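S.K.: Handing you a structure now.
All of the numbers you see were taken from the coordinates with simple rules; none came from a lab. Only a predicted model underlies this, so the values are computations on that prediction, with no experimental measurement involved. As a convention, Cβ positions derive from the backbone with ideal geometry for all residues, glycine included, and neighbour counts pool all protein chains shown.
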Amino acid sequence: MNEDRPIDALNNSRGSRVLLKLKNGTEMSGTLKAHDLHLNMWLGDVEIKKEDETTKYKNMLIRGDTVLYIIP
Amino acid sequence: MNEDRPIDALNNSRGSRVLLKLKNGTEMSGTLKAHDLHLNMWLGDVEIKKEDETTKYKNMLIRGDTVLYIIP
Amino acid sequence: MNEDRPIDALNNSRGSRVLLKLKNGTEMSGTLKAHDLHLNMWLGDVEIKKEDETTKYKNMLIRGDTVLYIIP
Amino acid sequence: MNEDRPIDALNNSRGSRVLLKLKNGTEMSGTLKAHDLHLNMWLGDVEIKKEDETTKYKNMLIRGDTVLYIIP
Amino acid sequence: MNEDRPIDALNNSRGSRVLLKLKNGTEMSGTLKAHDLHLNMWLGDVEIKKEDETTKYKNMLIRGDTVLYIIP
Amino acid sequence: MNEDRPIDALNNSRGSRVLLKLKNGTEMSGTLKAHDLHLNMWLGDVEIKKEDETTKYKNMLIRGDTVLYIIP
Amino acid sequence: MNEDRPIDALNNSRGSRVLLKLKNGTEMSGTLKAHDLHLNMWLGDVEIKKEDETTKYKNMLIRGDTVLYIIP
């Protein structure tokens, strides 16, 4: 891992499931297909859980500035 | 897909319907006509759903910094 | 339309009425006289509707970072 | 008017009274003495109205990022 | 006064008392010792008034992005 | 320590536990594996405490603009 | 003091106690060990007071954009 470029470590998660926590509290999971240095991400097979409900989307482009953290 | 430029993947959605979720919670759908790297978008045949009401606009320019995610 | 520059499409609205929705929820309409890439806009014959009241201004300069979307 | 530089149109208001609406809802009026592209402004003979009270200041420097719109 | 550089007009207030209003509503006064283009300021003999209480500080460095306006 | 580059001092915490306080009030601890100048961080063995509950994650990428402070 | 670079005046506080007020209202004191132009700071022997409670940390890296003002 390049210790000065933490976002590069996301490269190892390409094609794998990641868990996302957004600044507004939303949690979602998806398959990471692409990302850039702003944490803009292209996700596949997304699931957004909210209380008892789960919403599913085949693909999603998420704006990086809304992200709190990413769990690979 | 260029894995380092997730926003480029929106090019495949030109002319197709996309679903938008904004940071203020608003959901809308429209036909993607143009977009840039800030996610500023030009949309056609927009529908904004709010509870039981649907508002329709023929065209809309939306400011990218208000976007949470885009579903192609 | 240049598909990579959605804001340029506003050029076609110069001299026409546009509807604006701001991030604080305010809606207003006006004649678009000038705009830049930040969506700073110079508007003429502005009407701001708020419940039953309408306030009118002959000219207005609006700061682009307050804009949610523009309806041409 | 240069249609790509809406802020330049404020030059015509130098020495005249302008009405300001700030993002926090405050309204004030003053004589525009100087401004820059961020909408930082130097105002003279400022009046801030708040319910029944009016506060007056001989001069004020206002930070541009707090501005919602300007009425010349 | 250089009409395109309103912040430069603060130079005339060096060594004088200024009144500050911050974005969080706080009001304070102090002697302006130094400032930059972001409105970062070094103030002397600062007084912060809050209801009936006045807090005094000999020196203060204030971050410019918290400033709403400055009264010279 | 380079006194003009406080973030560089985090280099001494590589491989050690750090405590994080986020702007939304969340507290978490983890092993610092990588960081950049925006305070984007890659953490291992993360524990998020919230009242009586502790959530654990093996790895986490956290967006730097959500950080309030870091305790090495 | 360089009047155009107010943040440089913090150099005189290296090794001394400073009082910090954050944008979220938190007050803390510490020994200033390092700072940069964004007001990122490395502090030693930090004390955070909150009502009757005082929390102490041996070292802290604080993100500059959370700072309201600094009292040397």
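S.K.: If a/c stays under 1.5 just call it rounded; otherwise compare a/b with b/c (prolate if a/b is bigger, oblate if not). Do that for the stretch G:11-72, with a ≥ b ≥ c from the square roots of the Cα gyration tensor eigenvalues.
M.R.: Details: a/c = 1.79, a/b = 1.29, b/c = 1.39.
In terms of gyration-tensor shape, oblate.
S.K.: Less than 11 Å Cβ to Cβ from D:N2, Lys/Arg counted +1 and Asp/Glu -1: what total charge do the surrounding residues give?
M.R.: Numbers: positive: C:K33, D:R5; negative: C:D36, D:E3, D:D4, D:D8.
Result for the local shell: -2.
S.K.: Residues with amide H under 5 Å of C:N40's amide H, sequence separation 5 or more or different chain, H placed in the peptide plane at 1.01 Å from N; which?
M.R.: C:G64
S.K.: Now a separate question. Treating the beta-carbon of each Lys and Arg as +1 and of each Asp and Glu as -1, no other charges, what is the dipole magnitude of chain D about its Cα centre, to the nearest 20 debye? Mind dumping the intermediate values first?
M.R.: Values: 11 positive and 11 negative charges, 39 e Å.
I would put it at about 180 debye.
S.K.: Determine the sum of side-chain charges near E:D65: Lys and Arg each +1, Asp and Glu each -1, restricted to other residues whose C-beta is under 10 angstrom from that of E:D65. Please report the intermediate quantities before stating the final value.
M.R.: Working: positive: D:R63, E:K23, E:R63, G:K23; negative: D:D65, G:D65.
Summing Lys and Arg as +1 and Asp and Glu as -1 gives +2.
S.K.: May I pose another question? If you find the alpha carbon centre of the stretch C:40-72 and of the stretch A:2-21, how far apart are they in angstrom?
M.R.: 43
S.K.: Within the stretch D:5-64, which GluC sites (Glu not before Pro) sit in a loop by DSSP and count at most 12 neighbouring Cβ atoms inside 10 Å? Could the numbers behind the result be given before it?
M.R.: Values: sites: D:E27, D:E47, D:E51, D:E53; in loops: D:E51.
Sites meeting the loop and neighbour criteria: D:E51.
S.K.: Also, I was wondering about something else. With only Lys, Arg, Asp and Glu charged, each at its Cβ (+1 for the first two, -1 for the last two), find how big the charge dipole of the protein assembly as shown is about the Cα centre; round to the nearest 20 debye.
M.R.: Values: 77 positive and 77 negative charges, 35 e Å.
Computed about the Cα centre, the dipole is about 160 debye.
S.K.: Oh, and also: Which chain D residue puts its Cβ closest to the axis that rotates D onto E, and at what distance in whole Å?
M.R.: D:D65, 9
S.K.: Let me ask something additional. Return the sequence-ordered ³J(HN,Hα) values of the stretch C:52-64 in whole Hz as given by the Karplus equation 6.51 cos²θ - 1.76 cosθ + 1.60 applied to θ = phi - 60°, using x for Gly and Pro.
M.R.: Per-residue couplings from phi come out as 8, 9, 10, 9, 10, 10, 5, 9, 8, 9, 10, 7, x Hz.
S.K.: Restricting things to Cα coordinates, could you compute the convex hull volume per residue of the protein assembly as shown in Å³?
M.R.: Working: hull volume 88.2 nm³, N = 504.
Each residue corresponds to 175 Å³ of Cα convex hull volume.
S.K.: I need the calculated FRET efficiency for the pair D:D8 and F:L37, taking r as the beta carbon distance and R₀ as 30 Å, to the nearest 0.05. Can you show the working numbers first?
M.R.: Details: r = 36 Å, r/R0 = 1.19.
Working from the Cβ atoms, E equals 0.25.
S.K.: Can you give me the distance in nm between label points at D:T26 and A:E53, each placed 7 Å from the Cα along the Cα-to-Cβ direction?
M.R.: Those two pseudo-labels are separated by 4.1 nm.
S.K.: Something else now. Which of the trypsin sites (Lys or Arg not before Pro) across chain F are loop residues per DSSP, with 14 or fewer other Cβ within 10 Å? Intermediate results must be reported in sequence, preceding the final value.
M.R.: Numbers: sites: F:R14, F:R17, F:K21, F:K23, F:K33, F:K49, F:K50, F:K56, F:K58, F:R63; in loops: F:R14, F:K23, F:R63.
Hits after loop and neighbour filter: F:R14.
S.K.: If you take every residue apart from E:T31 with its C-beta less than 10 Å away from the C-beta of E:T31, what net charge results, scoring Lys and Arg +1 and Asp and Glu -1? Working shown, then result.
M.R.: Values: positive: E:R14, E:R17, E:K33; negative: E:D45.
With Lys, Arg at +1 and Asp, Glu at -1, the neighbours total +2.
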